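**Student:** Please read through the structure below; I'll follow up with questions.
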Amino acid sequence: ALASYAKFQNKVEEQEEWLKPLLEKGGGVADAWSQMAEIKKSQGLLKEAEANYSKAIKLRGLIHADYMQRALVRIALNDFKSAGEDIALLKAANLQWPTIAHAEGLIEYLNKNYDQAQSKLVNVNTKFPNFAPTQLILGLVHYQKGNYQRAVQLLEKFVSISPDAYQPNLVLSAASLKLGQLEAAISRLEKMQKTHPDDSRVLAMLGKAYISNNSIDRGIKLLRNVAGHRVEIVDR
């Protein structure tokens, strides 16, 4: 309970201190391992997060949300086979969580199977229209398929909730440029430039947008800053 309270106060180090004694005796406490896994995941320590979720799962001995969290960590580790095994267990338990089908769609997207990804993600979006993670990945799928207007619609919904998210804003800007929405793209990219002043992708895209909008000198100046660098939209 004290660890949970520390989590609520965003005191991660204090949370870890309360959890440590719960991990040491008799294999530990399942909820403690789950909390520690969440901490490691937030710190980008995915291997440790996966191991901690596995310990929680073993202690529980039943189907639990830890399977879902471990599946998402395994997807982040590109271990799609093991993630699929966790997802299969959750589906066999007849759970109706949006994250289950979302995770399946995410795997298809990361494997560049865009039609299959769209099929699964549209189903999630229809049943759970306010589920932001699916809006994001479905928007990225539509961008990859050249459906730029639909990509803009979905990604705008996502960034209204997470305005500082890097990839959605970058892809949204790219889609806006594809649609000839220069002012919208420039406005968004200029905001990104303030928070990512040395990011070659942002600078290159903004430079090209300036040139397309007849601000030739500004565009050339930015492009000179990224000359010699290969620039592309990340698909992850």
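**Student:** Tell me the residue from Ala83, Ala30 that is touching a helix residue (DSSP H, G or I) at 6+ places or on another chain (Cβ under 8 Å) and more than 26 Å from Asn113 (Cβ to Cβ), please.
**Tutor:** Result: Ala30 is the single residue among Ala83, Ala30 that is touching a helix residue (DSSP H, G or I) at 6+ places or on another chain (Cβ under 8 Å) and more than 26 Å from Asn113 (Cβ to Cβ).
**Student:** Kindly check whether there is at least one residue in the range 188-198 that is more than 19 Å from Asn225 (Cα to Cα), in contact (Cβ under 8 Å) with a residue 24 or more places away in the chain and open to solvent by 50 Å² or more (accessible area, probe 1.4 Å).
**Tutor:** No, the range 188-198 contains no residue that is more than 19 Å from Asn225 (Cα to Cα), in contact (Cβ under 8 Å) with a residue 24 or more places away in the chain and open to solvent by 50 Å² or more (accessible area, probe 1.4 Å).
**Student:** Would you be able to tell me the number of residues in the range 19-35 that are closer than 12 Å to Gln69 by Cβ and open to solvent by less than 20 Å² (accessible area, probe 1.4 Å)?
**Tutor:** Of the residues in that region, 1 qualify.
**Student:** Every residue in the range 150-190 that is charged (D, E, K, R) and out of contact with any helix residue (DSSP H, G or I) (no Cβ under 8 Å at 6 or more places or on another chain), please.
**Tutor:** Glu183
Yes/no per residue for (1) more than 29 Å from Ala93 (Cβ to Cβ); (2) basic (Lys, Arg); (3) touching a residue at least 24 places away in the same chain (Cβ under 8 Å):
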position: Lys7; (1), (2), (3): no, yes, yes
position: Glu14; (1), (2), (3): yes, no, no
position: Lys20; (1), (2), (3): yes, yes, no
position: Asp31; (1), (2), (3): no, no, yes
position: Met36; (1), (2), (3): no, no, no
position: Gly44; (1), (2), (3): yes, no, no
position: Glu48; (1), (2), (3): no, no, no
position: Ala56; (1), (2), (3): no, no, yes
position: Leu59; (1), (2), (3): no, no, yes
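**Student:** Further question on the same structure: Would you check which residues across the range 55-85 are of a type in the set (Ser, Thr, Tyr) and either buried (at least 21 other Cβ atoms within 10 Å of the Cβ) or touching a Ser or Thr at 6+ places or on another chain (Cβ under 6 Å) (or both) and list them?
**Tutor:** Hit for the range 55-85 is Tyr67, nothing else.
**Student:** Something else now. Quick check: anything in the range 157-177 open to solvent by 30 Å² or more (accessible area, probe 1.4 Å) and more than 18 Å from the chain's Cα centre (by Cα)?
**Tutor:** Yes, the conditions are met somewhere in the range 157-177.
**Student:** Can you tell me which residues in the range 42-54 are in a helix (DSSP H, G or I) and either surrounded by fewer than 20 Cβ atoms within 10 Å (Cβ to Cβ) or among the hydrophobic types (A, V, I, L, M, F, W, C) (or both)?
**Tutor:** Ser42, Leu46, Lys47, Glu48, Ala49, Ala51, Ser54
**Student:** Give the number of residues within the range 99-128 that are open to solvent by 70 Å² or more (accessible area, probe 1.4 Å) and not in a helix (DSSP H, G or I).
**Tutor:** Here the count works out to 3.
**Student:** With the requirement that a residue be among the polar types (S, T, N, Q) and either at pLDDT below 95 or over 13 Å from Ala184 (Cβ atoms) (or both), what does the range 154-171 give you?
**Tutor:** Matches in the range 154-171: Ser160, Ser162, Gln167.
**Student:** Please go through the range 175-214 and pick out each residue that is outside any helix (DSSP H, G or I), closer than 15 Å to Ala165 by Cα and charged (D, E, K, R).
**Tutor:** Asp199 - this is the single residue of the range 175-214 that is outside any helix (DSSP H, G or I), closer than 15 Å to Ala165 by Cα and charged (D, E, K, R).
**Student:** Still on this structure: Can you name the residue in the range 87-98 that is assigned to a helix (DSSP H, G or I) and more than 18 Å from Tyr109 (Cβ to Cβ) and is also farthest from the chain's Cα centre (by Cα) among such residues?
**Tutor:** Ala92
**Student:** What pairs can you find where one residue is in the range 97-126 and farther than 20 Å from Leu77 by Cβ, the other is surrounded by 22 or more Cβ atoms within 10 Å (Cβ to Cβ) and basic (Lys, Arg), and their Cβ atoms are less than 6 Å apart, with a gap of 6+ or different chains?
**Tutor:** Pairs found: Ala101/Lys120.
The values are calculated or read from the model by the stated rules, or taken from the named source; none is laboratory data. No experiment lies behind these values; they were computed from the predicted model shown. Reconstructed Cβ throughout: ideal geometry from the backbone, glycine too, with neighbour counts over all protein chains shown. To get the accessible areas, we keep the full protein, side chains included, count just its heavy atoms, and leave off ligands, DNA and RNA. Shrake-Rupley method; radii C 1.70, N 1.55, O 1.52, S 1.80 Å.
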